[in-house]
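The structure appears right after this line, and notes come after that.
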Amino acid sequence: TDYLPTSTVDVMLDTTFEDADALAAYAKNPKHVAVADTKVRPFTANRACMDFEV
C-alpha cells in the first residue's frame with residue numbers, strides 16, 4: 001500500500017466496501033460511471049488503481 005517515490009498522482013479516492021460484489025456494483029453504477037466519464041477521465045493523464053482486502 002506504499003506509493004512509489006516516482007508517483008506523479010496528487011488525488012486519491014479512498015473507498016470501503018462490504019465485499020467484492022459491492023465493489024463490482026459500485027464500479028458499474030450509472031451515477032459513478034457518469035461522474036467518472038465527465039468529471040475525471042477527461043482531465044486525467046495518468047491513473048493508478050489499487051484494490052486490496054483488509
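List of remarks:
- Checking each residue in region 1-26 for being modelled with pLDDT of 80 or more, over 12 Å from the mean Cα position of the chain (by Cα) and part of a loop (DSSP other than H, G, I, E, B) picks out 17, 18, 19.
- In the set (1) surrounded by fewer than 10 Cβ atoms within 10 Å (Cβ to Cβ); (2) touching an Asp or Glu at 6+ places or on another chain (Cβ under 8 Å), the condition left unmet by residue 12 is number (2).
- Test: residue in region 32-43 that is surrounded by 10 or more Cβ atoms within 10 Å (Cβ to Cβ) and not in a helix (DSSP H, G or I): no
- Cβ-Cβ under 6 Å pairs, at least 6 apart or on other chains, region 11-30 side under 27 Å from residue 45 (Cα atoms), far side among the aromatic types (Phe, Trp, Tyr): 23/17
- Hits in region 18-35 (condition: touching a helix residue (DSSP H, G or I) at 6+ places or on another chain (Cβ under 9 Å) and under 25 Å from residue 4 (Cβ atoms)): 27
The values are calculated or read from the model by the stated rules, or taken from the named source; none is laboratory data. If you're wondering where the values come from, they're calculated on a predicted model, not measured in any experiment. Please note: Cβ atoms are built from the backbone with ideal geometry, for glycine as well, and neighbour counts cover all protein chains shown.
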